[in-house]
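Since the structure comes first, as structure tokens, the remarks are kept for the end.
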Amino acid sequence: MTTHSTPAPVQLTHESGLTVLHHRRAGSPVVALQAWVRAGSADELQGQFGLAHVHEHMLFKGTARRGVGEVAREIESIGGSVNAWTSFDETVYHLVVPSRFAGVGVDVLVDALRNSAFEATELESELQVIQEEILRGEDMPSRVLGQNMFAAVFREHPYGRPIIGTNESVAAFTRENVLDYFAQWYRPQNITLVVVGDIEERALMQLLDEAASGWTGSRTQPPRRSPEPPQRELRSTVDFRDVRTSHLNLAFRGPALADDDVAPLEVLATLLGGGESALLFERLQRGAGLVNGAYAYLYAPRDPGMLLIGASFRGSVGEDGSRPPEPLEVLAATSRELARAQHVPFSSREIRRAVRMIESDAIYETETVQGVAQRIGYFHTVAGDVEFERRFREQLASVGPDDILRVAREYLVPSRMTVGMMLPDTVSSHGVTHERIAEAVTDAWEGVEADLSPVHSDSDDVVVHHVEGGPTIIAVRDDTSPTFAIRAAVLAGLYAESDANNGINALTAHLLTSGTTTNGTSELARRIDELAASVSGVGGRNSIGLAMSGLSVDFDEALDIFAECLFESSFPADEVARLRRESLDAIDAREDNLAGSAIRQFNRYLYAAHP
């Protein structure tokens, strides 16, 4: 299996101390310039909460050389664009300009990083804008629930604080606070400049020599972040608001980006909630009809993050008078699917599909120079390694069913779960309390473990598993041969026949492999031959069923074919007619076998009326 990765950039150090990551993309007549400042909201101290985000708003507002509004006008006048964003671990400033104006872009960006003016009137206005942004966020249920979840998961670590700050903290900022923070963090040793596009290395460094001449400083040592203590019991946060849609979040503590478990957890998140073939969509949305949407994602920042599973569902009575799902019912159903993921392995085919989805996201991101720059900057700044993506790609390609089971069992632990809900205030009487949430999760988990816990025989190589409402599965492991064999049997056969339908089981067994609702006879035969496998119906005195054998490497695909024949046989009319004719011919031909005739006569005498 192959995966896509961003080409490794050339890493340089400018004489100012600025780290430069350069990737030339000659086919694109544009250049993306991104300044990754190694200071995010998680590095803020008491009295600074929200200052990183203030700088995101202010840095392109004007410098000692460029007045208010001139930065944006200058970039836009050459056909470029400006942008910025703030996260827990970094603040990023982003320009895209035509490559022939790369010098303008470098000069503008370095000027903003060195000489931002933070003009008093403009700063006061922008602080008011941020306060309004905070208030608007209070009217967005998904944002409120998201912040509630981070605050519940990270009680000690600064990831639990709002990136944007609070209304009180932002209202208290003075221009001196902003200038002190700027002087503390905006030094070349704290910044990585990522440059992607049609510009040569020598030309880039010359432009930097001009723009960054005389820019000096020393690296700022980030403050020690409070580590998050281990979580030992389920947590919950429930918010009742005037909303029509209910929201559910389940969070589990996860690793930091540089951890080796990130690759299998990324795949697990995709298997659970990535697309319409994902487990939660298939079981909760399409199958049970409980939710309107389901998703899962891994948040892996510089410090340990979290795996988050979410769903939305109707919160009010429908137009037809139907009642919405009970929140605890949705919680229990979601918990059951997560518990099953600890016991029932995903197939190699499902894992390959998930890896391809992760791969495709990476490919789409690298279609633009800014997408390439963002991946390079993120992995270097957050993972601390410009080669991180190559290592992640190798790990991703090797993820298998056992890896997914391991991380599911290690991370999806109820005692380390945080449950978050945003519910209509009309359902508050339903008793959605912490105690009932914990009870719903515990019951769901224990119920699945009781249903799915395999029963072992005296031999460790044999596992007997009873599927509720389904078949009994007996699995025997044999490492002596790279092949597999499957048999499915149902009590029937000759014992269940009468004189009137004698032979019906043998005919049915033969027809199991003669075409399905998905594939015709020829297509089914072609798929089986491509795997160098064999499939045939079997009918005996006491049972009827299906048999298959093949190479272990093809087991997942072969099992799909086996299940298709077993459960979706269509019994095509032309195949029924052909096999009936051949059966009649065989009946006539057996009269030529004298020994066989003697045995049949003997059985008729010995068993009389017995089938």
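Numerical summary
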quantity	calculated
Residue-normalised accessible area of segment 10-148, expressed per residue, 1.4 Å probe, Å²	39 Å²
For the chain, with +1 on Lys and Arg beta carbons and -1 on Asp and Glu, the positive-most of 236, 10, 131 along the dipole	10
Size of charge dipole - the chain - debye, nearest 20, with Cβ of Lys, Arg +1 and Asp, Glu -1, no other charges	200 debye
Rg ratio (alpha-carbon, reference 2.2 N^0.38 Å) - segment 118-273	1.41
Potential extension, residue 26-residue 521 segment - 0.36 nm per residue separation minus Cα distance	172.9 nm
Spin-label model distance (nm) - residue 475 vs residue 443, 7 Å beyond Cα toward Cβ	3.0 nm
Environment charge at residue 417 (Cβ cut-off 10 Å; Lys +1, Arg +1, Asp -1, Glu -1)	+2
Two-site FRET efficiency, residue 542 against residue 70, from Cβ-Cβ distance with R₀ of 60 Å, rounded to 0.05	0.10
Segment 391-439 and segment 83-103: distance between their alpha carbon centers, rounded to Å	35 Å
Cut-off 16 Å, label 7 Å out along Cα→Cβ of residue 434, residues of segment 227-258 by amide N	231-240
Heavy-atom accessible surface of the chain: percent carbon and sulfur, 1.4 Å	50 percent
Distribution of pairwise C-alpha distances over the chain, 10 Å bins, in %	3, 13, 19, 20, 16, 12, 8, 5, 3, 2, 1, 0
Base-10 log of normalised Debye intensity for segment 338-389 (one unit scatterer per alpha-carbon) at q = 0.22 Å⁻¹	-0.83
Computed over the chain: relative contact order in percent, which uses C-alpha pairs under 8 Å that are six or more apart	15 percent
Net +/- balance of residues flanking residue 255 in space, Cβ distance below 12 Å, scoring K and R +1, D and E -1	-4
Cα→Cβ-extended label distance, 7 Å offset, between residue 496 and residue 343, nm	2.8 nm
Separation between Cα centres of segment 105-169 and segment 293-317, rounded to whole Å	22 Å
Per residue accessible area in Å² of segment 453-611, where ligands, DNA and RNA are left out and the probe is 1.4 Å	67 Å²
Calculated FRET value between residue 45 and residue 129, using beta carbons and R₀ = 22 Å, to 0.05	0.40
With 5 Å bins from 0: P(r) over segment 189-318, alpha-carbon pairs, percent	2, 8, 11, 12, 12, 11, 10, 9, 8, 7, 6, 3, 1, 0
Local net charge near residue 488, Cβ-Cβ under 15 Å (Lys/Arg +1, Asp/Glu -1)	-2
Separation in nanometres of the label points that stand 7 Å from Cα toward Cβ, at residue 259 and residue 180	3.5 nm
Equivalent ellipsoid dimensions for segment 22-166 as semi-axes, Å, which come from the Cα gyration tensor, largest first	30, 18, 14
Cβ-derived FRET efficiency at R0 45 Å, residue 364 paired with residue 166, nearest 0.05	0.80
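The values are calculated or read from the model by the stated rules, or taken from the named source; none is laboratory data. Source: prediction; values computed, not measured. Backbone-built Cβ (ideal geometry, glycine too); neighbour counts: all protein chains shown. Keep in mind that these areas ignore ligands, DNA and RNA; they rest on the heavy atoms of the full protein, side chains included. Shrake-Rupley method; radii C 1.70, N 1.55, O 1.52, S 1.80 Å.
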